[in-house]
């Protein structure tokens, strides 16, 4: 096992990544989900070998934190013993309810599997960087439209797919609409072109697919969603009802996830699925079973209410869990959600980032609080990498002053910046 992966790589079982609280690994299972017993075993392993924190990422992968050089191989061995097969190579992602969502335009699984097979047969994987990804999106309530990828194939109808590169469904550069066979061939040619750029190549670097333009300017406080789908109940094609719950800011203690999995098992749930938006999906036998399970999940600590303000805030771990974090991002996000819940009415969304990398929400957000050497910066209408318009040494107080102006609809850039920093405009 490699001791530490390079920064920016995907922290797989074989290449954990160094963070502020130890090593981190990310699991992307081949199966659509975990059985309750398997998830229980995985969380117990996380408690034994890590710091007991379990995360679900914005893309719907599972992360285990706080591992050491000695414990990471032990976790990997136990994952193998549990029979969890994890994806390796280029991820080709589909929605968590692919084939079960009655609202999806087309079942993306056959095309996705064909692309995986072609990538394997072509030897492309070792020539592509660890961040290169493919999304095959059939649409529906739990589609992948908000998930950015180097290559996207979005269903237009039952037999046609829109091929696009470098972005999510809104920002990616369209290469045309084709049937499944042609879309597959174009997908492989795009991946070959990315590989030709070298191990750090991405689709945004291709000459024919420049980085999407139109990034909002400072002061243009544009609404951009941090969410993919809502928590709550979702009818499935096979007459079952799926319950969607979210981990608060994507993280919970392993014992809470274990309690959730045991409750799912008691209600005869067959699997627990990872979903984009830091969610878990549990297909239940019927609506009454799902409603009873929802009450249990809420008591455990999961987010079950679609109006919960935490669903409108994207936040990374921040300090001290991340070595790059300059502010305790999740603690600050929890304080803001508690003290300013009335702001989050579905039209107000916030990104709290420990540093300028913006891992929790790479896209522009209406408001971003970002850790900086000068304390906490305020970014308006851009990504965390943009230059802050103001700084505050006490970000909670700064946000409170800004929120008062937002409630009063005084959203002019200079006034917001002055309020956040505590200075006169």
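Odds and ends about this structure:
- For region 1-22, a residue qualifies if it is modelled with pLDDT of 50 or more and over 19 Å from the mean Cα position of the chain (by Cα), and the qualifying residues are 14, 15, 18, 20, 21, 22.
- Residue 24 touching a residue at least 24 places away in the same chain (Cβ under 8 Å), farther than 23 Å from residue 284 by Cα and crowded, with 22+ Cβ neighbours inside 10 Å: yes
- Residue check, residue 282 under 21 Å from residue 61 (Cβ atoms), assigned by TED's automatic domain parsing to the domain that holds residue 409 and touching a helix residue (DSSP H, G or I) at 6+ places or on another chain (Cβ under 7 Å): no
- Any hit, region 32-39, residues being closer than 25 Å to residue 326 by Cα and touching a strand residue (DSSP E or B) at 6+ places or on another chain (Cβ under 6 Å): no
- Number of residues in region 367-410 that are over 16 Å from residue 329 (Cα atoms), in contact with a strand residue (DSSP E or B) (Cβ under 9 Å, 6 or more places away or on another chain) and in contact (Cβ under 8 Å) with a residue 24 or more places away in the chain equals 9.
- Within region 326-349, the residues that satisfy the criterion of being touching a residue at least 40 places away in the same chain (Cβ under 8 Å), within 15 Å of residue 395 (Cα to Cα) and not in a loop (DSSP other than H, G, I, E, B) are 329, 330, 332, 333, 334, 335, 336, 339.
- Qualifying strands (runs of 3 or more DSSP E) (wholly inside region 355-413; at least 2 residues being under 23 Å from the mean Cα position of the chain (by Cα) and buried (at least 19 other Cβ atoms within 10 Å of the Cβ)): 367-372, 375-380
- Matching residues, region 185-212, being assigned to a helix (DSSP H, G or I) and within 21 Å of the chain's Cα centre (by Cα): 203, 204
- Residues in region 111-126 that are surrounded by 13 or more Cβ atoms within 10 Å (Cβ to Cβ) and more than 10 Å from residue 89 (Cα to Cα): 111, 112, 113, 114, 115, 118, 122.
The values are calculated or read from the model by the stated rules, or taken from the named source; none is laboratory data. All figures in this text were calculated on a predicted structure; none of them were measured in a lab. With ideal geometry, Cβ positions are generated from the backbone for all residues, glycine too; neighbour counts draw on all protein chains shown.
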